[in-house]
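Before we start, here is the structure in question, set down as structure tokens.
Read-outs: derived from the displayed coordinates by stated rules, not from any lab. Because the structure is predicted, anything quoted here is derived from the model rather than measured. All Cβ positions, glycine included, derive from the backbone under ideal geometry; neighbour counts span all protein chains shown.
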Amino acid sequence: MSDTDTTFVFDAKAENWSLQDSISIPNRGVNFGDGVFETMVFDGQKLRFINEHQSRLFHGLNTLGISKSQIDIFKLSEFLKYAFGNQKLRVRWTIFRSGHGRYTPIKNESMQLLTVEPFHVTLSVKKHVGVSKKVTLSPSLWSRCKTLNSIPYIIAGRERQQQGWDDIILLDNRGKVSEAGASSIFWEKDGTVYTPSLSCGCIAGVSRAVIIKKLNQHGIPIIEGEFDLSALLAADKVWTSNVTGISYLESLDSSKFSTDHIPFLQEIFE
């Protein structure tokens, strides 16, 4: 296995995964983005944050009305252990509605794709960060889900690349802080931690849920809310997170932040 994705397709009849170099088209994932996905880390023995991934995945499938009857994240974890031993992997599990039909589905069974690649640690410090001028997010029934409609993040990713930034901050359609280009965002001011509410159109990040739980366990005040950009710019420390780890932001516009790591949060991803 190299940095090129290795792809498996789930055989519903045999109830196992088979290595594939292509998928059949047309399908509803390609035609309509009619599905969800989870990006996960396999630590060599199991999928990290497996219960949190299952919870978010099931919420997404329920929202779209896709059957969960053959969706088993624990069997998937066992397959990865059998197939890849002690290797540490970045895993993308894509589930879309099978069958034909146009906007209105004919049936609700699922198709499953699995892509794996070697795991790479995220940047621990991101020096140059900007705010998107091209993308704003809006809350909806499905905005908290990781759907196959990733156009806002693609446009934001291209903007980040064109500007030469290490990351990009996305606001909602009212100008409230929402999230980063591929991760949740937190900041600390005077001993209190802040993170945007899901009402700001951000995805319900798995690492977001885990970090909030850990902060509560350590008795650190954490406030979820709707915040103007000025609140973020006034922070003492800012970090983004996804399942690959935490990145501390060094600067945003003219604001500078501490990049001292928070040990008990770092331990979550070790």
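Just rank CYS200, CYS145, fewest to most, by other beta-carbon atoms within 10 angstrom.
Listing CYS200, CYS145 from fewest to most nearby Cβ atoms yields CYS145, CYS200.
Which whole-number percentage describes the relative contact order of segment 6-118, with Cα contacts under 8 Å and a sequence gap of 6 or more?
Contact order relative to length: 35 percent.
In the set (i) 71, 44, 39; (ii) 54, 40, 40; (iii) 56, 42, 35, which value of Cα extents along the principal axes in Å was calculated from the structure you see?
This structure yields the entry labelled (iii).
If you plug each phi of segment 160-177 into the Karplus form 6.51 cos²θ - 1.76 cosθ + 1.60 with θ = phi - 60°, what whole-Hz ³J(HN,Hα) values come out, in order, with x for Gly and Pro?
These are the phi-based 3J(HN,Hα) values: 4, 5, 5, 7, x, 8, 7, 7, 9, 9, 10, 9, 8, 6, 10, x, 7, 5 Hz.
What percent do you get for the relative contact order of segment 125-269 when only Cα pairs under 8 Å and 6+ apart count?
Relative contact order, segment 125-269: 26 percent.
Taking the simple approach of a point 7 Å from Cα along Cα-to-Cβ for both THR6 and GLN70, what is their distance in nm?
Each label point lies 7 Å from its Cα, and together they span 2.3 nm.
If you don't mind, there's one more thing I want to ask. Sort TYR82, TYR153 so the one with the fewest other Cβ atoms within 10 Å of its own Cβ comes first.
Least to most surrounded, the residues fall as TYR82, TYR153.
Once you have a ≥ b ≥ c as the square roots of the Cα gyration tensor eigenvalues for segment 94-179, tell me rounded if a/c is under 1.5, and otherwise prolate or oblate according to whether a/b is larger than b/c.
It comes out oblate by the Cα gyration axes.
If you don't mind, there's one more thing I want to ask. In a GNM of the chain with a 10 Å cut-off on Cα contacts, which of PRO26, PRO152, PRO105 has the highest mean-square fluctuation?
Maximum fluctuation in the GNM of the chain, among the listed residues, is at PRO26.
Based on the alpha-carbon gyration tensor of segment 6-118 and its eigenvalue square roots a ≥ b ≥ c, which shape applies: rounded if a/c is under 1.5, prolate if not and a/b is larger than b/c, or oblate?
prolate
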